[in-house]
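The values are calculated or read from the model by the stated rules, or taken from the named source; none is laboratory data. If you're wondering where the values come from, they're calculated on a predicted model, not measured in any experiment. As a convention, Cβ positions derive from the backbone with ideal geometry for all residues, glycine included, and neighbour counts pool all protein chains shown.
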Amino acid sequence: MPREPCTHETEIKVTTTDRTDPIWRPSEARAAATQMRAFLDRHRPRLDGDDYAALYRWSVAEPGAFWQAMSDFAGLRYVAKAERVLIDGDAMPGARWFEGALLNFADNLLRPEHDAPALIATDETGRRRAMSRAELRAEAAALAQAFGALGVEPGDRVAALMPNGAETVVAMLAAASLGATFTTCSPDFGVRGVLDRFGQTAPKVLVAAAEYVYAGKRIDVLPKLREIVPQLPGLAATVVVGDGEPGPALTSIPNAVHWDALLREHAGAAFEPRPLPFSHPLYILYSSGTTGAPKCIVHGAGGTLLQHQKEHLLHCDIRPGDVVFYFTTCSWMMWHWLVSALAAGATLLLYDGSPLYPEPNALWRLAARESVAVFGTSAKYLQEIEKRGAAPGSEASLDALRAVLSTGSPLPPSSFDYVYRAIKSDLQLSSISGGTDIVSCFALGNPIAPVYRGELQCRGLGMDVKVFDESGQPIERGKGELVCASPFPSMPLGFWNDADGRKFRAAYFERFPGVWCHGDYAEITPHGGMIIHGRSDAVLNPGGVRIGTAEIYRIVEQFDEIAECVAVGQRFDNDTRVVLFVRMRPGYRLDASLADEIRARLRRDASPRHVPAKILEVADIPRTRNGKISELAVRDAVHGVDIANLEALANPESLDEFRNRPELLV
């Protein structure tokens, strides 16, 4: 097929939403009863209006006043109050929050006034464990004392190679209560992937699962531990979590102790959370590592807590006693986000296993059994269950469900229709976007506002989010770089082992000095919401016109025959052409007729510039261990560039199909 003629004046017309009317709107009574409305009413004298837009304008115009108000509304527990809320508020990076304040993250998550169950931990085998707040506090206290006996002090790292279970939450709370910094990998990471992360952060104690279950299979982790542990210098002990008592299998792991034995030894310990500065390091999270060694991103306790409380209480309207679920591994920031819901008095529902095992409605049946109020997942999951014909609303009673959250990639408009058609017609569907970098969101849901197809409802309160053009000027309409123009409390403290901050500044502040550049290609909608068009480093540029990859995906993935796809720009004939790779659903193959139909649909619903020069079938598409498609790895493979860190991918062998393809030579 001949390529489209190149012209820089070509106008790209992408249908960002197919309807001008909202797909859902909260009733007046429902909106009036939300915590967002209560917060807005409390601060109405400060506002220039009586709606979310007015509240948002105030929150970014007066950040010190807003974040203090949020702290008061959330009832954060301080040992000492801040002397000043914001110092050097015009410095980014460099602003300092709640100077002089002392608190403890674990203490705030285990507030005595909350009495709902703390968590319910389940897995795909049907095993279920419920823990009260008293039980969670007692186990965290015992483990904290055990950590202390092993030499853990404030600032030391406690690492977890764990599935999403109760023990991981206990380990985090124990570490946080002491002032240790908690860092996680899920147990499906390979040896090299674990060492690339924990090898940089040098934990004092490692908590590790002996095994985990996925898609009906039990996977033994002990052989992996025997390779990892000797390569972590400074490791005082490995605490192994698994059924049964210590056995011969542990003797081959240096300084291994059994979880159950450790808890018994320290049973009855008092819970004594240590008062720490607001910005004391709480978590180390890791970038995907697909372009080099993973960046070790350090997050502070107070900023993480305050930001999560804002998102949980106001944007999600989470109440004491609500059951909150997010399908996530412990490697994804959504695990950290989920656990913070304890501070809102919620009950966490933890799940370990495949989301589609033994059938597509498995998680929704679980949600019905446990009366889930807030259900979080990924856009890819919602697209997959739709293609499998799942109808959760007719298979399970979802009376308690008030909100569905989706992240990981942009949620296409068709998936909005699916949620309201097949899951529940009366709920708040929140497509949310942020990242590991900020352990929170830039754009997310709003329980007092309508939902429009394909849009994130709003920019988050206190987040001065703008869209910049190529020259660094803010634009109200059109696509550009998503930035945050003012400091916010959950900005990272920096990167681990980056004493002068050079790597940290290069990652976020070089493109537009003094402004956080997040790396997303986005636009602000007339409704005040946002649309994310993909990662800006993966933006396609045929003929000098920028195209977000999500603009292609939301159209192509509506085809029933296609499971998923990835689009990259290939340098060809002194220009860039779009190449689309598709993974077909079982029983289908890509033929000329389907390829022509894909091109016709893209031309009709997007623009001629979106039409790929090549459409090729592949058996698999590379993705990170957090489940995100790695467009950069595909692009490098197409161009014959070595992939910097294959261990960061869950399926690196899939790249073989993208290398040296003869179709890409012509």
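Annotations
- Only one of the listed residues (406, 414) is surrounded by 24 or more Cβ atoms within 10 Å (Cβ to Cβ) and touching a residue at least 24 places away in the same chain (Cβ under 8 Å). That residue is 406.
Residues are listed down the side, and each one gets a yes or a no for (1) in contact with a Phe, Trp or Tyr (Cβ under 8 Å, 6 or more places away or on another chain); (2) aliphatic (A, V, I, L, M); (3) farther than 16 Å from residue 305 by Cα:
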position	(1), (2), (3)
78	no, no, no
83	no, no, yes
86	yes, yes, yes
89	no, no, yes
92	yes, yes, yes
95	no, yes, yes
102	yes, yes, no
107	no, no, no
112	no, no, yes
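- Residue ID - farthest from residue 300 (Cα to Cα), chosen from residues in the range 477-490 that are touching a Phe, Trp or Tyr at 6+ places or on another chain (Cβ under 7 Å) and among the aliphatic types (A, V, I, L, M): 482
Let's see how each residue does on (1) surrounded by fewer than 22 Cβ atoms within 10 Å (Cβ to Cβ); (2) of a type in the set (A, V, I, L, M); (3) over 24 Å from residue 324 (Cβ atoms):
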| position | (1), (2), (3) |
| --- | --- |
| 72 | yes, no, no |
| 83 | yes, no, yes |
| 88 | yes, no, yes |
| 96 | yes, no, yes |
| 103 | no, yes, no |
| 109 | no, yes, no |
| 113 | yes, no, no |
| 116 | yes, yes, no |
| 124 | yes, no, no |
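- Candidates 535, 554, 546, 583, filtered to the one that is under 27 Å from residue 416 (Cα atoms), surrounded by 16 or more Cβ atoms within 10 Å (Cβ to Cβ) and free of Cβ contacts under 8 Å to residues at least 60 places away in the same chain: 583
- Helices (runs of 4 or more DSSP H) lying entirely in the range 147-235 (those with 2 or more residues that are within 20 Å of residue 275 (Cα to Cα)): 166-178
- Pairing residues of the range 453-482 that are assigned to a loop (DSSP other than H, G, I, E, B) with residues that are at pLDDT 95 or above and polar (S, T, N, Q), at Cβ distances under 7 Å and at least 6 apart in sequence or on separate chains, gives 455/525; 457/430; 457/446; 461/59; 462/59; 464/486.
- For the range 65-75, the count of residues that are over 26 Å from the mean Cα position of the chain (by Cα), part of a loop (DSSP other than H, G, I, E, B) and free of Cβ contacts under 8 Å to residues at least 12 places away in the same chain is zero.
- Count - residues of the range 581-618 that are in contact with a strand residue (DSSP E or B) (Cβ under 7 Å, 6 or more places away or on another chain), among the hydrophobic types (A, V, I, L, M, F, W, C) and more than 14 Å from residue 558 (Cβ to Cβ): 8
- Restricting the range 236-259 to residues that are at pLDDT below 95 and part of a helix (DSSP H, G or I), the residue that is farthest from residue 196 (Cα to Cα): 248
- The number of residues in the range 349-392 that are assigned to a strand (DSSP E or B) and in contact with a Phe, Trp or Tyr (Cβ under 6 Å, 6 or more places away or on another chain) comes to 5.
- Check on residue 486, buried (at least 23 other Cβ atoms within 10 Å of the Cβ) and in contact with a Gly (Cβ under 9 Å, 6 or more places away or on another chain): no
- Count of residues meeting criterion [in contact with a helix residue (DSSP H, G or I) (Cβ under 8 Å, 6 or more places away or on another chain), farther than 22 Å from residue 331 by Cα, crowded, with 17+ Cβ neighbours inside 10 Å and without any contact (Cβ under 8 Å) to a residue 60 or more places away in the chain] in the range 621-666: 2
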